[in-house]
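Novice: Got a structure here, written out as structure tokens. Questions coming.
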Amino acid sequence: MIHHKTKQEAIGARKLVRSGTGEEHWRTDFLIAQEMTADLYKTSPQAFLIEMTPEEVIQPHFHEVEQFQVFLEGEGQMGRMHDGIRPTVVHYTDAYTGYGPITASEHGLSYFALRPRKDPGAIYLHKEGYRERLRPSLKRHFTTPIIKSTEPVLAHLTQPVVESLFDDKDYSLADGLGASIVRLGPGQVYAEHCPEESGGQYVIVLQGQLKTVDHEEISESFQGWTVLFAEPGTGPVSLEAGDLGAEFLVLQFGQRS
């Protein structure tokens, strides 16, 4: 099954919320089950946009579910990164793997949080009892900046370009974990999208227009900041760029043991 929502559909539900340590920021839910049963809790994807307020700090923490984050606008700092966070950055952490703090600049900082299933909430490292919540994990932690194409360069690509983001990392990717940026010129097709060999797979449209090819679940076109999630076991999906090309991320979770 494939889940999807565009920015235009989601942004009307943007709301001001408080983090687990009391800081305010804006949250926009993209993919989240409205009625959470025990089965849906384990299988339904969770995707939302966080827009941090100026100079907000999200304290170091971990989650019980693996996740990707895609930083989109503004700038800031994560942990001990020397170069800081400027768009666009892809971040991955395994479950039970601490990271942070995340600090927004005076211009704010926004990012997608993308998980293959719902997480019960952040567990902060400065609060008592966090050690009792830890579980064994590979503790993988990747942060990779990417560069978006200019519109005319994208519109004149003569063949598809697929750039892996994690192949140079000194970690085991044997479970299928991976991330790529895909650049397509007008009308070009990406036919390597195969969620059935993963623990679930997100597609995040960065720019241009993208549509699925011959897939009965989806027949519409998608533009920037659209979020798509293919559940594990979904068959191959082909993606075709529109008249000006398309640039998107393919973020694949490892298979669960």
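Quick note: the coordinates plus some simple rules give every number you see, no bench work behind them. Keep in mind the model is a prediction, meaning the values are calculated, not measured. With ideal geometry, Cβ positions are generated from the backbone for all residues, glycine too; neighbour counts draw on all protein chains shown.
Novice: Sorted by mean Cβ packing within 10 Å, highest first, what order do the peptides 245-256, 145-156 take?
Specialist: Going by the mean number of other Cβ atoms within 10 Å, highest first, we get 245-256, 145-156.
Novice: Ok, one more. Provide the gained length on full extension for the span GLU23 to GLU73, in nm with one decimal, where the gain is 0.36 nm per separating residue minus the Cα-Cα distance. List each step's numbers first, then the result.
Specialist: Numbers: separation 50, 0.36 × 50 = 18.00 nm, distance 1.91 nm.
Answer, rounded to one decimal: 16.1 nm.
Novice: If I take all pairs of Cα atoms in the stretch 68-211, what percentage of them are more than 20 Å from each other?
Specialist: 57
Novice: Now a separate question. Apply the a/c threshold of 1.5 to the C-alpha gyration tensor of the stretch 102-170 and tell me whether it is rounded, prolate or oblate.
Specialist: Prolate shape, in that a/c is at least 1.5 and a/b is the bigger ratio.
Novice: Tell me, what is the FRET efficiency for ALA155 and ARG256 to the nearest 0.05, using R0 = 35 angstrom and their Cβ-Cβ distance as r?
Specialist: On the way: r = 39 Å, r/R0 = 1.13.
Working from the Cβ atoms, E equals 0.35.
Novice: Once you place label points 7 Å from the Cα toward the Cβ at HIS107 and SER137, how far apart are they in nm?
Specialist: 3.1
Novice: HN-Hα J couplings of the stretch 7-15 from phi, Karplus 6.51/-1.76/1.60, θ = phi - 60°, integer Hz, Gly and Pro as x?
Specialist: Working through the residues one at a time gives 4, 4, 6, 8, 5, x, 9, 4, 9 Hz.
Novice: If you take Cα extents along the principal axes in Å from the coordinates, which of (i) 54, 41, 40; (ii) 75, 36, 31; (iii) 83, 68, 33 do you get?
Specialist: Only one option fits the structure, namely (i).
Novice: Which of GLU66, GLU192, GLU132 comes first, and how do the rest follow, when ranked by fewest Cβ neighbours within 10 Å?
Specialist: GLU132, GLU192, GLU66
Novice: Pop a pseudo-label 7 angstrom from the Cα along the beta-carbon direction at both ARG80 and LEU16 and give the gap in nm to one decimal.
Specialist: My value for the distance between the label points is 3.7 nm.
Novice: Once label points are set 7 Å from the Cα along Cα→Cβ at both ILE147 and GLU55, what is their separation, rounded to one decimal in nm?
Specialist: Modelled inter-label distance: 3.4 nm.
Novice: Using a simple charge model, +1 on the beta-carbon of Lys and Arg, -1 on the beta-carbon of Asp and Glu, nothing else, what dipole does the chain show about its Cα centre, in debye to the nearest 20?
Specialist: Roughly 680 debye, rounded to the nearest 20.
Novice: Let me ask something else. Please name which of PHE112, TYR96, PHE48 has its Cα lying farthest along the dipole of the stretch 2-145 towards the positive end, using unit charges on Cβ (Lys, Arg +1; Asp, Glu -1) and the Cα centre as origin.
Specialist: Farthest along the dipole direction, towards plus: TYR96.
Novice: Another one. Output ³J(HN,Hα) for the stretch 232-244: one whole-Hz value per residue in order, computed from phi by the Karplus curve 6.51 cos²θ - 1.76 cosθ + 1.60 with θ = phi - 60°, and x for Gly and Pro.
Specialist: Karplus values, whole Hz, x for Gly and Pro: x, x, 5, x, x, 10, 9, 10, 10, 7, x, 5, 10.
Novice: Number of Lys pairs in the chain with C-alpha atoms less than 28 angstrom apart, excluding same-chain neighbours closer than eight positions?
Specialist: 24
Novice: Picking from GLY76, ALA179, GLN201, whose Cα lies most toward the positive end of the charge dipole for the chain (charges on Cβ: Lys, Arg +1; Asp, Glu -1)?
Specialist: The residue sitting farthest along the positive end of the dipole is GLY76.
Novice: Dipole magnitude of the stretch 72-198 about its Cα centre, charges +1 at Lys/Arg Cβ and -1 at Asp/Glu Cβ only, in debye to the nearest 20?
Specialist: 480
Novice: Which percent of Cα-Cα pairs in the stretch 2-145 sits in each 5 Å bin, short to long?
Specialist: All Cα pairs, binned at 5 Å, distribute as 2, 9, 18, 23, 22, 16, 7, 2, 0 percent.
Novice: What list do you get for ARG14, ARG135, ARG80, ARG183 if you sort them by fewest beta carbons within 10 Å?
Specialist: ARG80, ARG135, ARG14, ARG183
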